[in-house]
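Please treat every number below as a calculation from the coordinates, not as lab data. Quantities reported herein were computed from a predicted structural model and do not represent experimental measurements. Methodologically, a virtual Cβ is constructed for each residue, glycine included, from the backbone with ideal geometry; neighbour enumeration extends over all protein chains shown.
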């Protein structure tokens, strides 16, 4: 559909690439120039009442920027079938299951669109401009509405037999399956959105989702806020410990909506040490991995969606 002449013409007229990162709470988008510099970024709330309203918001974003861009990169929840361009499961947005989002946008705007999952975008960004550069075995974890991750093993991004490698949100957080509760899997137990809401509710905030006030209470030592925050970081530490026991990675980087909070990763590392001290055999057997804040923080998926797209664009234009 896009021959070299067409692509060359778009490059001459349109100088930017549009990157869109989607999760249950927000659709974030940014323009990147031809050198990979993030120029402008914005966000809107994600419509969750149906695919039609969701698509209207996506169309609005693309329409506002279409005259400036020559391609689009998408970061989406769930698993992405690259061959058929289909989203499966949809992660925190199950309504996206079965949607060929990239093909729909491409056909509407006659632009090349490249789509990848949140976790894969995160690890792509971390290897490109983040703190997984030159790391052969590592993991990028995104803490948002749920939890997503991308894994690099032996310097190759791991996709698995069913596109499900890195679905760490499906790890069991509590083995009492007879009395299943949503928090029994890491997808919910490590949800930053749910943690903020729980603390905001406990604090009786007018808006329990106000993360600024929630983290201010944590930093000020409010006992209720601190208790729930510590428990949350312990869940993330359990998740990392379980991944580590299987894959023996050297570094984990943490991105997502709360990754700009300076107290997050230090507390995760503290909880990792608490777990190791509590379980001597684990301490004796497993090396302690490095856990850092992603240096791209909340923009990790935006960078990943852009870089994944531009690499595919260059490949298909040759």
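The slack between residue 286 and residue 223, meaning 0.36 nm per residue of separation minus the straight C-alpha distance, is 19.4 nm. In the chain, the alpha-carbon atoms span a convex hull of 144 Å³ per residue. In terms of other Cβ atoms within 10 Å, 193, 288 run from fewest to most in the order 288, 193. Please identify, among 211, 23, 299, the residue showing maximal mean-square fluctuation in a Gaussian network model of the chain using a 10 angstrom Cα cutoff. The residue that fluctuates most here is 211.
For the chain, averaging the sequence separation of C-alpha pairs within contact (under 8 Å, six or more residues apart) and dividing by the residue count gives a relative contact order of 19 percent. What angle do you read, to the nearest 10 degrees and between 0 and 90, between the alpha-carbon axis of helix 118-128 and the longest principal axis of the chain? Roughly 80 degrees between the two axes.
Among 210, 16, 64, a tally of other beta-carbon atoms within 10 Å of each Cβ gives an order, fewest to most, of 64, 210, 16.
Against the chain, whose longest principal axis is taken from its Cα atoms, helix 192-202 shows a tilt of about 50°. Per residue, the average separation of C-alpha pairs within less than 8 Å and at least 6 apart gives segment 131-295 a relative contact order of 25 percent. Looking at segment 131-295 alone, DSSP beta bridges between its own residues are antiparallel in about 45 percent of cases. Working from Cα pairs under 8 Å separated by at least six residues, relative contact order for segment 96-146 is 24 percent. Shown for 253, 236, 69: other C-beta atoms within 10 Å of each C-beta, ranked fewest to most, produce the order 69, 236, 253.
In the elastic network of the chain, a GNM with C-alpha springs shorter than 10 Å, the most mobile of 188, 134, 308 is 134. DSSP beta bridges confined to the chain are antiparallel in about 55 percent of cases. Between segment 247-275 and segment 38-90, the alpha-carbon centres lie 29 Å apart. Considering only beta bridges that DSSP places wholly inside segment 31-176, some 70 percent are antiparallel.
For a modelled paramagnetic label at residue 136, 7 Å from Cα along Cα-to-Cβ, the residues of segment 238-255 in reach, with backbone nitrogen under 17 Å, are 247-252.
For the chain, the longest principal axis of the alpha carbon atoms and the long axis of helix 264-278 meet at an angle near 40°. Between residue 205 and residue 161, full extension at 0.36 nm per residue minus the direct alpha carbon distance yields a gain of 11.4 nm. For the chain, the 222 nm mean residue ellipticity estimated from helices alone, with every DSSP H stretch of n ≥ 4 adding -39500 (n - 2.57) and the total spread over all residues, rounds to -13000 deg cm²/dmol. First check a/c for segment 32-188, with a ≥ b ≥ c the square roots of the eigenvalues of its C-alpha gyration tensor; if it is under 1.5, answer rounded, and if not, answer prolate when a/b is larger than b/c or oblate otherwise. Verdict is oblate for segment 32-188.
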